[in-house]
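A quick write-up on the structure given underneath.
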């Protein structure tokens with residue numbers, strides 16, 4: 001009995017998902033909902049399979065992933081550089097504070113029309129928007145993290161004769177790693193959101209373009225299948241790559 | 001005080017650069033517009049009443065989404081926080097749902113709920129929901145179990161337990177979630193308007209984009225960011241008050 005309970009408990013999220021899908025299928029099959037707007041699970045699944053079989057989706061996944069990888073890498077590096085700059089030169093941080101506030105005022109995805117207009121409908125505009133989103137998150141996370149490094153550890157290292165360079169190498173950078181990894185985890189979802197929203201507003205390829213094409217042709221199955229691939233990639237990257245990385249990173253959280 | 005003056009000076013210097021760089025041949029006004037043009041367009045919007053009208057529409061969408069998302073998030077958060085069976089069934093779904101790029105779901109919601117208010121409200125609510133859900137859930141779960149057990153022994157039950165023990169422990173988390181949620185509710189409303197609408201701040205911005213009018217894009221974005229920034233400052237004050 002206890003065993004059955006355990007199995008049921010573990011399976012319950014899947015049962016809920018299956019029930020939702022069945023309800024959706026049933027509602028459209030029995031005329032409770034209009035499949036022209038709602039589509040139906042079987043239609044969407046068939047389309048997803050079709051895209052995989054023909055390889056149609058590959059190119060679009062590739063485009064979105066390239067945009068995210070380039071923007072994410074550049075954004076993380078830029079965010080790290082500026083955060084360290086702010087930390088070691090507090091005067092600069094003080095003067096730049098209003099700009100940081102503006103940067104942080106709203107989710108960066110709303111800047112998509114600006115990016116498309118300035119950098120065109122190619123890949124560049126998406127990379128720049130991803131860069132900006134990731135940059136802001138990395139900067140704020142890391143800068144706050146660095147400021148929280150325990151003063152006692154810094155003072156102890158100083159007493160033992162560490163100069164500014166030793167401090168950076170043996171105290172600040174190891175401490176920062178934990179924050180960098182957590183910023184990387186935080187920003188991946190924002191990176192994909194930025195890329196896809198930007199693609200929705202002006203692109204000729206990519207997962208966001210598929211969704212936009214589905215929207216303008218009133219093909220809900222296209223919208224849903226496109227979003228399915230977008231969601232699948234984010235979930236895979238987040239839970240299979242970054243979550244284990246973060247867990248490993250927190251092991252040697254010494255400061 | 002000196003810092004404030006210096007910050008103002010730096011900002012003014014940057015705005016001056018933006019204004020005068022095209023005059024010496026660096027940068028194209030067509031692409032980067034100019035602060036004077038942006039401010040005078042915003043002034044025009046204020047004078048004609050366009051600004052108030054469109055801000056009101058976007059604010060309505062964001063606030064309705066905020067209220068609906070918060071209520072649902074709080075209900076589900078409480079259920080998952082207080083009951084293990086519910087939490088085991090729902091928490092994995094919530095974790096995955098939270099990781100999804102939800103703002104990108106705007107076209108789907110517009111296909112379902114139309115060009116009007118409701119699609120943006122649903123988008124905003126779906127974004128807000130997860131902030132409040134995890135705020136309430138983590139608030140309850142991270143609270144002291146000892147305190148709850150003691151309150152139970154003293155006869156604390158149901159609503160009284162919730163009000164006097166769980167809520168005070170969770171309030172910091174909830175306020176933090178709410179603060180994030182406000183900015184995202186506005187962003188969701190604006191992005192929803194980008195992808196299908198005939199009014200609102202997002203419509204003004206995306207219309208500017210279609211007309212290749214950078215001044216209008218900047219002006220619309222400036223208004224959105226000012227509103228969200230001001231709300232953030234207010235909520236930060238509320239947060240420090242609530243924690244006392």
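The values are calculated or read from the model by the stated rules, or taken from the named source; none is laboratory data. Source: prediction; values computed, not measured. Methodologically, a virtual Cβ is constructed for each residue, glycine included, from the backbone with ideal geometry; neighbour enumeration extends over all protein chains shown.
Just for helices (runs of 4 or more DSSP H) wholly inside region B:92-196: which have at least 2 residues that are surrounded by 16 or more Cβ atoms within 10 Å (Cβ to Cβ) and modelled with pLDDT of 85 or more? Steps first, answer last, please.
On the way: elements: B:106-113, B:117-141, B:145-153, B:158-161, B:167-194.
Per the criteria, B:106-113, B:117-141, B:167-194.
Counting residues that are out of contact with any strand residue (DSSP E or B) (no Cβ under 8 Å at 6 or more places or on another chain) and within 13 Å of chain B (Cβ to nearest Cβ), which helices (runs of 4 or more DSSP H) fully inside region A:157-255 reach at least 3? Please lay out each step first, then the result.
On the way: elements: A:164-167, A:173-201, A:207-216, A:220-236, A:243-251.
Correct list: A:173-201, A:207-216, A:220-236.
Of everything in region B:22-42, what is at pLDDT below 85, surrounded by 13 or more Cβ atoms within 10 Å (Cβ to Cβ) and assigned to a helix (DSSP H, G or I)? Give them in sequence order.
Of everything in region B:22-42, those that are at pLDDT below 85, surrounded by 13 or more Cβ atoms within 10 Å (Cβ to Cβ) and assigned to a helix (DSSP H, G or I) turn out to be B:22, B:29, B:32.
Go over the candidates A:8, A:21 one by one and state the one that is more than 20 Å from residue A:205 (Cα to Cα), in contact (Cβ under 8 Å) with a residue 12 or more places away in the chain and within 14 Å of chain B (Cβ to nearest Cβ).
On the way: A:8 fails: in contact (Cβ under 8 Å) with a residue 12 or more places away in the chain.
Result: A:21 is the single residue among A:8, A:21 that is more than 20 Å from residue A:205 (Cα to Cα), in contact (Cβ under 8 Å) with a residue 12 or more places away in the chain and within 14 Å of chain B (Cβ to nearest Cβ).
When you go through A:132, A:117, A:111, A:146 one by one, which is the residue that is assigned to a helix (DSSP H, G or I), more than 12 Å from chain B (Cβ to nearest Cβ), in contact with a helix residue (DSSP H, G or I) (Cβ under 9 Å, 6 or more places away or on another chain) and closer than 25 Å to residue B:203 by Cβ? Spell out how you get there, then give the answer.
Numbers: A:117 fails: more than 12 Å from chain B (Cβ to nearest Cβ); A:111 fails: more than 12 Å from chain B (Cβ to nearest Cβ); A:146 fails: closer than 25 Å to residue B:203 by Cβ.
The conditions single out A:132.
I'm trying to understand the selection: among the residues of region B:110-123, which are closer than 16 Å to residue B:202 by Cα, in contact with a helix residue (DSSP H, G or I) (Cβ under 8 Å, 6 or more places away or on another chain) and within 12 Å of another protein chain (Cβ to nearest Cβ)?
Within region B:110-123, B:110, B:119, B:123 meet the criteria.
Being part of a helix (DSSP H, G or I), within 14 Å of chain A (Cβ to nearest Cβ) and in contact with a helix residue (DSSP H, G or I) (Cβ under 7 Å, 6 or more places away or on another chain) narrows it down to one residue among B:220, B:239; which is it?
Details: B:239 fails: within 14 Å of chain A (Cβ to nearest Cβ).
B:220 is the lone residue from the list that is part of a helix (DSSP H, G or I), within 14 Å of chain A (Cβ to nearest Cβ) and in contact with a helix residue (DSSP H, G or I) (Cβ under 7 Å, 6 or more places away or on another chain).
Counting just the residues of region A:77-119 that are over 30 Å from residue B:2 (Cα atoms) and without any contact (Cβ under 8 Å) to a residue 24 or more places away in the chain, which one comes out surrounded by the most Cβ atoms within 10 Å (Cβ to Cβ)? Show your work before the answer.
Residues of region A:77-119 that are over 30 Å from residue B:2 (Cα atoms), as a first pass: A:77, A:107-119.
Narrowing the set further to residues that are without any contact (Cβ under 8 Å) to a residue 24 or more places away in the chain leaves A:77, A:110-111, A:114, A:117-119.
Numbers: A:77: 14, A:110: 28, A:111: 24, A:114: 23, A:117: 23, A:118: 16, A:119: 18.
Step by step, filter region A:77-119, then rank; the result is A:110.
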